[in-house]
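Below is one structure, written out as structure tokens; the observations come after it.
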Amino acid sequence: MRMMKLFIAGHNGMVGAALVRRFQGLEGVEIITRSRRELDLTDQRAVSAFYAEQKPDAAIIAAGKVGGIHANNTYPAEFLHQNLAIAMNCIDGAYRAGVKRLLYLGSSCIYPKHAPQPMPESCLLTSELEPTNEGYAIAKITGIKLAQYYRRQYGTLFYSAMPTNLYGPGDQYHPENSHVLPALIRRFHLAKLTNDPTVIAWGSGTPRREFMHVDDLADACELLMQQDVPPDWINVGSGSEVTIKELVELVAATVGYSGQIVWDASKPDGAPRKLMDSAKLAALGWRPRYDLKAGVRHAYECFLAEMDAHTLREGHSV
Ligand SMILES: NC(=O)c1ccc[n+]([C@@H]2O[C@H](COP(=O)([O-])OP(=O)(O)OC[C@H]3O[C@@H](n4cnc5c(N)ncnc54)[C@H](OP(=O)(O)O)[C@@H]3O)[C@@H](O)[C@H]2O)c1
């Protein structure tokens, strides 16, 4: 790893914490972090002052307002406004302070609703977005384009990574606002504790989705931080798909829930398939370390440990 003073934005989040674990102790890397209380990234003046004072060489922007379909659909104004402000302040501030390399984290949901499957990087902005997370996606697309334009106009090495659905230590387990995998872990765990004879799962169970352990994303980010000429944006996915039914059954088995799973077919399914084309990343020599079974087992162990330590993240300020 090159010598660098590295700002990891969002280090208290699931991704940011995984990045700190990954980069901590690497020779020549000095990590700088700020909690939201110390530095609100939506505050342009505060972010500029921070960059000017600290003068990092590099930054990874893993801060953002993040949530599942319900949260995205209910609070689109906050998802657009906060993520847009974070992207603008972090990217423009970095440029003004002379940051040489910046990796911005986007998301697979920036791609169009009817993107070809698996989704290549080139399908960005080719047709309309999924309406339920349009606000979030527009903010993230703007962040990716800002990084690309600063690179093109000013020669800065600013670029983006597009992770697929993530899970793992430090995930958010809010009862309504969390993503599908942590929501299932929580639901099956509670059903097991209360001896609930049934758990209701939404939809038909047939849609296929891709999941990746957050430590695999951190490994990919380390590789991307070493590239001399990285692409403007690159997909980061495990490449392995699972049906929602398979996922639900895997989580139930991992948690040890032995009741009945009832499918509520009146609930919407969403897109039939969402898989990233991560061939560009694979060509750089990257492979995930976790398969889904081992990853979900690890995530559940972390969930239990975080509950015991009273550090489980269950609240979400909107
Ligand atoms: N989770 C996924 O499945 C997934 C998938 C693809 C891409 N991503 C991307 O990865 C990034 C991180 O996601 P995550 O899952 O790690 O989310 P997360 O666990 O919710 O972490 C986000 C972090 O950002 C911080 N933050 C939010 N607003 C802030 C502000 N105004 N000022 C300072 N800090 C602020 C939060 O601080 P608090 O702790 O104070 O709330 C939190 O620590 C996001 O950009 C997301 O789009 C995530």
FRET efficiency, 1/(1 + (r/R0)^6) with R0 41 Å, evaluated for GLN153 and MET307 via beta carbons: 0.30
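Stretched out fully, how many nm does the piece from HIS70 to GLN44 gain, at 0.36 nm a residue minus the Cα gap?
Numbers: separation 26, 0.36 × 26 = 9.36 nm, distance 2.89 nm.
Here the answer is 6.5 nm.
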C-alpha center-to-center spacing [the stretch 168-184, the stretch 242-318] in angstrom: 9
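Report Rg(Cα)/(2.2 N^0.38 Å) for the stretch 1-97, keeping two decimals.
On the way: Rg = 14.0 Å, N = 97, 2.2 N^0.38 = 12.5 Å.
For the stretch 1-97, the normalised Cα radius of gyration is 1.12.
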Relative contact order for the chain, counting Cα pairs under 8 Å that sit 6 or more residues apart, in percent: 19
Spacing of the two label points (7 Å from each Cα toward its C-beta) at LYS280 and TRP263, in nm: 3.6
Derived scalar couplings ³J(HN,Hα) [the stretch 196-201; Karplus, 6.51 cos²θ - 1.76 cosθ + 1.60; whole Hz; x for Gly, Pro]: 5, x, 9, 10, 8, 10
Other-chain or far-sequence residues with amide H under 5 Å of LYS5's (modelled H): GLU30, ASP57, ALA58
Length added when fully stretched, GLU246-ARG273, from 0.36 nm per residue minus Cα-Cα: 8.3 nm
Cα-based convex hull, the stretch 246-285, per residue volume (Å³, whole number): 103
Under 5 Å, built H, 5+ apart or other chain: amide partners of LEU166: MET212
Amide proton proximity set for ARG313, modelled H, under 5 Å, gap of 5+: TYR173
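With the cut-off at 21 Å, tell me which of the pairs LYS5/LYS145; LYS65/LYS100; LYS267/LYS293; LYS113/LYS267 have Cα atoms farther apart than that. Walk me through the intermediate numbers first.
On the way: LYS5/LYS145 25 Å; LYS65/LYS100 25 Å; LYS267/LYS293 26 Å; LYS113/LYS267 19 Å.
Flagged as over cut-off: LYS5/LYS145; LYS65/LYS100; LYS267/LYS293.
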Simple label model, 7 Å out from Cα along Cβ direction - GLU128 to GLN24, nm: 4.6
THR206 paired with LEU190, simple spin-label distance in nm, labels 7 Å along Cα-to-beta-carbon: 3.0
Three semi-axes of the equivalent ellipsoid, the chain, Cα gyration tensor, whole Å, largest first: 32, 21, 19
Computed helical MRE - 222 nm, the chain, DSSP H runs ≥ 4 contributing -39500 (n - 2.57), nearest 500: -12500 deg cm²/dmol
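Throughout, read-outs are computed from the coordinates displayed, never taken from laboratory work. Owing to the predicted nature of the structure, the values given are computational and were not obtained by experimental measurement. Cβ: placed from backbone, ideal geometry, glycine included. Neighbour counts: every protein chain shown.
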